[in-house]
Structure formats: C-alpha cells, structure tokens
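Bear in mind these aren't lab numbers, they're just calculated from the coordinates by the rules spelled out. Quick caveat: nothing in here was measured; it's all calculated off a predicted structure. Backbone-built Cβ (ideal geometry, glycine too); neighbour counts: all protein chains shown.
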Amino acid sequence: MNWYEIALGFVLIAVSLFIIVFTLGQEQKGQGLSAAIMGENSHMAAGRERGIDAKLAKWTRVFGVVFFVVTLVICVLSARL
C-alpha cells in the first residue's frame, strides 16, 4: 500500500463517520403510527429547528459527494497499480 492509499482510506473513514452523524442528527420527517393515533405536533416546531435540519441535510449531501469522489479516486489509483 502506498501512502496516498492510506491517507485516502482515512479520509474515507472520516467522511463516512460525518455522514452517519449528520444523518442521525436530522429530525425524522414522519413519526409513524404514533403520530397517526396521537396526532402530530409538527406545527409547534420552531423555524430554527428546520434551519438546523436544512444545514444538516446540506452537509450530508456535501459529504456524500466527497465520499463518492474519494471512492472513485481510490478505485482509479488501485487499478493503475
């Protein structure tokens, strides 16, 4: 293994962890069966929470693209050797 394969592997692991954390940090869109029975209180949510969810969704997409690009780079570099 070359040094850049190891470095890109660490980047890939870090990006994967960021994707997991940002995805878990977002609020769920639907509450499932409990919301159907008890009623949903989504109208009580503040705009700030939706702003945070929007930022988390944006960063999740950004890290998804980075993950895709780093994976392609690793594949191309591995195939060349």
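Data overview
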| read-out | value |
| --- | --- |
| Separation of the Leu77 and Ala57 label points, Cα + 7 Å toward Cβ, nm | 3.4 nm |
| Rough spin-label spacing in nm, given labels placed 7 Å along Cα→Cβ, for Met1 and Val66 | 2.0 nm |
| Net charge of Cβ neighbours under 15 Å - reference Val73; Lys, Arg +1; Asp, Glu -1 | 0 |
